[in-house]
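To start, the structure under review is shown below, and the notes come after it.
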Amino acid sequence: MKINKIKIKFNIFALLITLSVFLLVLGTKNTAYAEEAAKETKESEKTEETTETEAVKETNKAKKTEETKETKEDGFEFKGAKLKFITGTFDGKDSLDIDFPIEMKDASCEYIDEAAKIISIEKKEFNVKNPNIVVLHSGEKYYVITAINAYKDVQDNIIDKVNIESELTYDKTKLKIKLKLKDIKDANKDIKYSICYASMDEKPFQTPEAFKLVDMKYGLDKHCIIPDGYYYQMNPRSVPYKESYFFMQGAIYIANTHLDTIDSKFSQVMTAKLIDDTAKKLNDEGYYPIPYRSEWLKADYNIGKGYFDTRWNLDYAYICLRMYEKFQDEKYLEIADKVLTYYKKYANQNAIKIPYKEDACLVMDYGAEYYIGMTHSSLNHHLMGLKALMYEDLLKEKPVNTEFIKKMLNGVEATCNSWIKKNGDLEYAIFVNGTYGLKDYPDLTLNDLRDCQALHEKLYKSKNASLETLIMSKQAWYDNVYKKQVSKKK
């Protein structure tokens with residue numbers, strides 16, 4: 001009995017031992033399972049974390065890609081065409097290799113050679129030297145590369161244009177632009193470069209004639225377009241002056257060529273950009289002050305820089321009116337009206353009154369806020385004022401310049417015969433003392449007279465007799481005297 005008790009105790013003890021071992025093994029397995037589960041959880045979290053990180057990376061990458069794409073904030077946009085500039089400095093180098101910022105596979109190319117022939121290259125490698133305009137077509141997009149310039153800053157709105165050679169090389173994927181300085185003797189580090197390019201979803205030039213016309217103008221050395229506007233070669237009687245000095249020209253002459261080809265998408269965006277650039281430069285009074293001093297204006301009238309040039313400011317207003325007529329955007333009408341409002345204010349204080357004709361005047365060509373005095377009135381400047389004011393009234397629902405136009409026309413009518421020289425040519429200007437003088441342009445004033453007459457007919461349904469008299473006289477001189485003189489020189 002005692003032995004049986006011992007056996008039972010031993011069996012219970014063995015059972016407890018076995019149970020403990022079993023629980024220990026089970027606990028170990030559970031711990032292992034738990035650790036494995038925790039490990040898997042961590043791995044899962046890590047994977048999710050990695051996936052999330054990759055997703056963030058992709059998002060950031062997409063965002064970055066989006067930022068580098070052409071956007072309105074990163075350039076100038078008009079009617080679906082976008083215009084940008086690639087800029088930088090030579091930083092002491094004589095030449096630079098610049099990557100065009102857009103990759104294009106199997107692009108086609110068009111440019112105009114020296115013989116004014118359009119050269120087309122279809123989906124091949126190419127090399128073009130010193131082009132005025134190159135058009136690239138990459139399937140869905142058209143690109144125009146132009147206005148390749150180098151320059152130094154001289155002072156506000158004046159630059160020193162530097163001669164460069166350019167070369168465009170395409171390897172069926174990437175376009176490289178090589179710039180090389182010419183005839184540079186001083187330090188190169190302050191020399192900047194500027195390359196303009198436009199992009200659009202349709203052909204930039206609808207006709208070969210439009211392409212050739214714009215390309216020809218871009219080939220002229222006196223034109224220069226850089227990111228802040230249109231620059232024009234300075235007159236030798238300007239201060240400061242160098243043959244290579246250019247000033248920001250508010251009249252934006254080249255816009256007249258663009259407006260003649262305004263169906264061109266490139267012409268549209270470039271004209272809009274140049275108008276916008278000049279609008280930013282208008283002062284609080286409403287005009288663009290000339291950024292240099294004219295030697296003869298200083299000598300004759302003691303007028304320094306920052307003066308008001310009626311012709312150039314009125315040219316600008318006229319261009320804005322042409323843009324308004326084409327696109328019916330009130331912005332352009334408002335800019336023109338701002339300039340013309342100042343012009344009328346200026347003319348009321350700066351005009352030669354005709355003593356024997358009531359309500360008649362001839363507006364002075366030049367003035368300045370600091371200048372008290374009278375200059376002279378040239379027929380072409382005065383006619384440009386008439387053109388702009390009549391054109392604005394023609395475009396507005398209600399005429400706003402009728403009385404002022406009448407006063408200016410009265411001035412021309414009262415002095416009509418006095419402008420005509422014995423040989424039929426016209427005098428250039430009338431002075432405060434009533435005398436006439438200076439040499440008129442061969443055809444500028446004639447074109448202004450024709451434009452004024454055409455606008456007069458549209459606005460008032462009749463021709464102006466005095467304008468017609470001046471047109472007939474100048475035209476006869478041009479045909480019978482000027483053309484013969486030119487022919488003899490040839």
_Breaking point among (1) closer than 30 Å to V269 by Cα; (2) open to solvent by 60 Å² or more (accessible area, probe 1.4 Å), for E392_ = (2)
*Which residue out of E140, E110 is among the charged types (D, E, K, R), within 19 Å of F266 (Cα to Cα) and either open to solvent by less than 70 Å² (accessible area, probe 1.4 Å) or assigned to a strand (DSSP E or B) (or both)?*
E110
*Residues being under 21 Å from K265 (Cβ atoms), in contact with an Asp or Glu (Cβ under 8 Å, 6 or more places away or on another chain) and in a loop (DSSP other than H, G, I, E, B) - total across the stretch 113-137*: 1
*Scan the stretch 452-474 for residues that are open to solvent by 60 Å² or more (accessible area, probe 1.4 Å) and either of a type in the set (D, E, K, R) or at pLDDT below 95 (or both) and jot them down.*
E457, K458, K461, K463
_Which numbered condition in (1) surrounded by 16 or more Cβ atoms within 10 Å (Cβ to Cβ); (2) more than 19 Å from S166 (Cβ to Cβ); (3) touching a residue at least 24 places away in the same chain (Cβ under 8 Å) is the only one that G75 fails?_
(3)
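Across the stretch 84-100, which residue is least open to solvent (accessible area, probe 1.4 Å) among those that are more than 15 Å from N149 (Cβ to Cβ) and modelled with pLDDT of 95 or more?
Applying the first criterion (more than 15 Å from N149 (Cβ to Cβ)) to the stretch 84-100 yields 91-95, 97, 99-100.
Those still in the list that are modelled with pLDDT of 95 or more too: 97, 99-100.
Working: D97: 108, D99: 87, F100: 13 Å².
Among those residues, the one meeting the criterion is F100.
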*Quick one: is W419 aromatic (F, W, Y) and touching a Gly at 6+ places or on another chain (Cβ under 9 Å)?*
no
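Restricting to the stretch 197-207, name every residue that is outside any loop (DSSP other than H, G, I, E, B) and closer than 16 Å to T271 by Cβ. Working first, answer last.
From the stretch 197-207, those outside any loop (DSSP other than H, G, I, E, B) are 197-200; that's our starting set.
Passing the criteria: A198, M200.
Would you point out which residue out of H382, H376 is touching a Gly at 6+ places or on another chain (Cβ under 8 Å) and within 30 Å of N480 (Cβ to Cβ)?
Working: H376 fails: touching a Gly at 6+ places or on another chain (Cβ under 8 Å).
Step by step, each of H382, H376 is checked, and only H382 is touching a Gly at 6+ places or on another chain (Cβ under 8 Å) and within 30 Å of N480 (Cβ to Cβ).
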*What number of residues within the stretch 350-382 are open to solvent by 90 Å² or more (accessible area, probe 1.4 Å) and either touching a His at 6+ places or on another chain (Cβ under 7 Å) or under 15 Å from I303 (Cβ atoms) (or both)?*
3
*Which ones in the stretch 343-374 are outside any loop (DSSP other than H, G, I, E, B) and either within 31 Å of the chain's Cα centre (by Cα) or among the charged types (D, E, K, R) (or both)?*
Y343, K344, K345, Y346, A347, K353, V363, Y366, G367
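Please go through the stretch 283-307 and pick out each residue that is in contact with a helix residue (DSSP H, G or I) (Cβ under 8 Å, 6 or more places away or on another chain) and open to solvent by less than 20 Å² (accessible area, probe 1.4 Å). Full working, then the answer.
So the first thing to find is which residues in the stretch 283-307 are in contact with a helix residue (DSSP H, G or I) (Cβ under 8 Å, 6 or more places away or on another chain), and the list is 285-288, 290, 303-304, 307.
Selection gives G286, Y287, Y288, I290, I303, G304, Y307.
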_Failed item, numbered, when F247 is tested on (1) in contact (Cβ under 8 Å) with a residue 60 or more places away in the chain; (2) part of a helix (DSSP H, G or I); (3) open to solvent by less than 10 Å² (accessible area, probe 1.4 Å)_ = (2)
*Looking at (1) of a type in the set (V, I, T); (2) part of a helix (DSSP H, G or I); (3) out of contact with any Phe, Trp or Tyr (no Cβ under 6 Å at 6 or more places or on another chain); (4) closer than 17 Å to Y197 by Cα, can you tell me which one I275 breaks?*
(4)
*So which residues in the stretch 416-454 are part of a strand (DSSP E or B) and touching a residue at least 24 places away in the same chain (Cβ under 8 Å), if there are any at all?*
I420, L426, E427, Y428, A429, I430, F431, L438
_Residue ID - nearest to Y441 (Cα to Cα), chosen from residues in the stretch 395-404 that are touching a residue at least 24 places away in the same chain (Cβ under 8 Å) and assigned to a helix (DSSP H, G or I)_ = F404
*Would you be able to say whether some residue in the stretch 375-387 is part of a strand (DSSP E or B) and charged (D, E, K, R)?*
no
*For residues in the stretch 208-244 being in a strand (DSSP E or B) and over 14 Å from the mean Cα position of the chain (by Cα), which is surrounded by the most Cβ atoms within 10 Å (Cβ to Cβ)?*
S238
*Which pairs do you get when a residue that is closer than 19 Å to A198 by Cβ, found in the stretch 121-140, comes within reach of a residue that is part of a loop (DSSP other than H, G, I, E, B) and of a type in the set (G, A, S), reach meaning Cβ atoms under 9 angstrom, with the pair 6+ apart or on two chains?*
N132/G219; I133/G219; L136/A107; H137/A107; S138/A107; G139/A107
*Among residues belonging to the stretch 113-137 that are within 24 Å of Y232 (Cα to Cα) and polar (S, T, N, Q), point out the one that is most open to solvent (accessible area, probe 1.4 Å).*
N130
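The values are calculated or read from the model by the stated rules, or taken from the named source; none is laboratory data. What you are looking at is a predicted structure, and each value in this text was computed from that prediction instead of being measured. Please note: Cβ atoms are built from the backbone with ideal geometry, for glycine as well, and neighbour counts cover all protein chains shown. Each accessible area value is taken on the protein alone, full model and side chains, heavy atoms only, with ligands, DNA and RNA left out. Shrake-Rupley method; radii C 1.70, N 1.55, O 1.52, S 1.80 Å.
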